[in-house]
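The values are calculated or read from the model by the stated rules, or taken from the named source; none is laboratory data. Just so it is clear, the structure is predicted and the values come from calculations on it, not from any experiment. Neighbour counts run over all protein chains shown; Cβ positions are idealised from the backbone, glycine included. Just the protein is used for accessible areas: all its heavy atoms, side chains included, with ligands, DNA and RNA removed. Shrake-Rupley method; radii C 1.70, N 1.55, O 1.52, S 1.80 Å.
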Amino acid sequence: MSLDINLKCDHCGSSREPLNITHNVSRMWRLAGVWDALYGSDGRRAAEYLDTLRAGLAHMEAHPEEYEAMNPPNGWGSYEGAKRFLGQWIAECAAHPDCIIEVSA
């Protein structure tokens, strides 16, 4: 199971490739305070979540030991992967703040 999140741009007519990450890192999303900004953002504008997402990434970067301790024992998902995913999602949202978020979980 995984989270697929994407931006749909009605104003420019394009849809980007979705980003995908395992649900195994959802505990990390909760600690970082971004779970709702990821899973609960369907149908909302990307700009609405930028501050929350940036604050979450800053927390992850400031407290790596807390997040690394949450690495799933089965190897599916990791702190580094979650951090990379969140950084990519922030970049997408910042580049296209008026686009609509599509979430499939």
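Go through the stretch 85-105 residue by residue and tally those that are among the charged types (D, E, K, R) and surrounded by fewer than 13 Cβ atoms within 10 Å (Cβ to Cβ).
Looking only at the stretch 85-105, we keep the residues that are among the charged types (D, E, K, R), and these are 92, 98, 102.
Adding the requirement that they be surrounded by fewer than 13 Cβ atoms within 10 Å (Cβ to Cβ) leaves 98.
Count: 1.
Yes or no, residue by residue, for (1) over 20 Å from ARG16 (Cβ atoms); (2) among the acidic types (Asp, Glu):
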{"site": "ARG44", "(1), (2)": "no, no"}
{"site": "ASP51", "(1), (2)": "yes, yes"}
{"site": "GLU61", "(1), (2)": "yes, yes"}
{"site": "GLU66", "(1), (2)": "yes, yes"}
{"site": "ASN71", "(1), (2)": "yes, no"}
{"site": "PHE85", "(1), (2)": "no, no"}
{"site": "ILE90", "(1), (2)": "no, no"}
{"site": "ALA95", "(1), (2)": "no, no"}
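Can you pull out the residues in the stretch 63-99 that are in a helix (DSSP H, G or I), free of Cβ contacts under 8 Å to residues at least 24 places away in the same chain and either among the charged types (D, E, K, R) or touching a Phe, Trp or Tyr at 6+ places or on another chain (Cβ under 9 Å) (or both)?
Within the stretch 63-99, PRO64, GLU65, GLU68, GLU80, ARG84 qualify.
Could you check VAL25 against (1) part of a loop (DSSP other than H, G, I, E, B); (2) farther than 18 Å from PRO97 by Cβ; (3) not aromatic (Phe, Trp, Tyr) and say which number it fails?
Among (1) part of a loop (DSSP other than H, G, I, E, B); (2) farther than 18 Å from PRO97 by Cβ; (3) not aromatic (Phe, Trp, Tyr), the lone unmet condition for VAL25 is (1).
Which residues, counting only those in the stretch 43-62, are assigned to a loop (DSSP other than H, G, I, E, B) and surrounded by fewer than 13 Cβ atoms within 10 Å (Cβ to Cβ)?
GLY43 - this is the single residue of the stretch 43-62 that is assigned to a loop (DSSP other than H, G, I, E, B) and surrounded by fewer than 13 Cβ atoms within 10 Å (Cβ to Cβ).
Output the residues belonging to the stretch 1-22 that are within 14 Å of PRO97 (Cβ to Cβ) and open to solvent by less than 40 Å² (accessible area, probe 1.4 Å).
Those that are within 14 Å of PRO97 (Cβ to Cβ) and open to solvent by less than 40 Å² (accessible area, probe 1.4 Å): LEU7, CYS9.
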